[in-house]
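What follows is a short report on a single structure.
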Amino acid sequence: MWGASRGRAAQRALLALLLALLLALGGASKTIAGLVTCGSVLKLLNTHHRVRLHSHDIKYGSGSGQQSVTGVEASDDANSYWRIRGGSEGGCPRGVPVRCGQAVRLTHVLTGKNLHTHHFPSPLSNNQEVSAFGEDGEGDDLDLWTVRCSGQHWEREATVRFQHVGTSVFLSVTGEQYGNPIRGQHEVHGMPSANTHNTWKAMEGIFIKPGADPSVGHDEL
């Protein structure tokens, strides 16, 4: 009798432990699904000006003469996709959540150039020029941006800032718009202070799941 009672108590304790583990794992899975991961391809929305980070095979006519980076209002433009990559080889394994404070490269999918900035004035606002630079994803140390966010990881639903590692400016939009040949597109530039002009949010994209086969392991939004 005593042994049977002890056996039932042990079973109840084991069942409670298993339920707690399942709940914890379910919560962890849900949390991970809401994170931006290395290798993901996405669009970035400036939450204040409502434009997506964009590039194209059009060079600046002044400053560095490198490939221009702009902001566009359209949500369906294929030139607004960027791949999240590490700052060095192996520095951002595919499917691993991006940490707040981590340095990453943003590689423009269609042209293979990296988001870049340097000490050239931007064409319209005279802030710091932001361009796309490199070949096939390979550029230099001025392609590195630190993800500034609250908490431990970059969450898809949260706003973040991108601070340039080399010059400390923040990736920003302040509303200036170009004429031909990119009429209506907004200037993207670097600003020295964190403010409402440099908050961004992950939008449409393919998000690699942690530990998944890269050919099939993704959530598509």
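Would you work out what percent of the accessible area of the range 27-170, with all protein chains in place, is carbon or sulfur (probe 1.4 Å)?
Answer for the range 27-170: carbon and sulfur cover 46 percent of the accessible area.
Name the residues whose placed amide hydrogens come within less than 5 Å of the amide hydrogen of Gln128, ignoring near sequence neighbours (fewer than 5 apart) on the same chain.
Ser122, Gly190
Between Ser125 and Ser64, 0.36 nm times their residue separation minus their Cα-Cα distance comes to what?
20.4 nm
In the neighborhood of Gly166, defined by Cβ-to-Cβ distances under 12 Å, what is the net charge if each Lys or Arg adds +1 and each Asp or Glu adds -1?
-3
Would you grab the residues whose amide H sits under 5 Å from the one on Thr37? Only those 5+ places off in sequence or on another chain, please, with H modelled 1.01 Å from N.
Val98, Ile208
Output ³J(HN,Hα) for the range 112-122: one whole-Hz value per residue in order, computed from phi by the Karplus curve 6.51 cos²θ - 1.76 cosθ + 1.60 with θ = phi - 60°, and x for Gly and Pro.
Per residue, the Karplus-derived 3J(HN,Hα) values read x, 9, 9, 4, 8, 8, 6, 7, 10, x, 6 Hz.
Gap in Å between the Cα centre of the range 45-97 and the Cα centre of the range 137-213?
When both Cα centres are located, 8 Å separates them.
When only the heavy atoms of the protein chains count and the probe is 1.4 Å, how do Lys59, Lys43, Lys209 rank by accessible area, highest first?
Sorted by accessible area, descending: Lys59, Lys209, Lys43.
Starting from the residue with the highest accessible area, list Ile208, Ile58 in decreasing order, probe 1.4 Å.
Order by accessible area, largest first: Ile58, Ile208.
Would you mind computing, in nm to one decimal, how far apart the modelled labels at Ser88 and Ser75 are, each placed 7 Å from Cα along Cα→Cβ?
4.0
Let me check something: with ligands and nucleic acids excluded, how do Glu176, Glu138, Glu187 order by accessible area (1.4 Å probe), largest to smallest?
Highest to lowest solvent-accessible surface, that is Glu138, Glu176, Glu187.
The values are calculated or read from the model by the stated rules, or taken from the named source; none is laboratory data. Since this is a predicted model, take the numbers as computed values, not measurements. Every residue, glycine among them, receives a Cβ derived from its backbone with ideal geometry; neighbour counts consider all protein chains shown. For accessibility, only protein heavy atoms count, side chains too; no ligands or nucleic acids. Shrake-Rupley method; radii C 1.70, N 1.55, O 1.52, S 1.80 Å.
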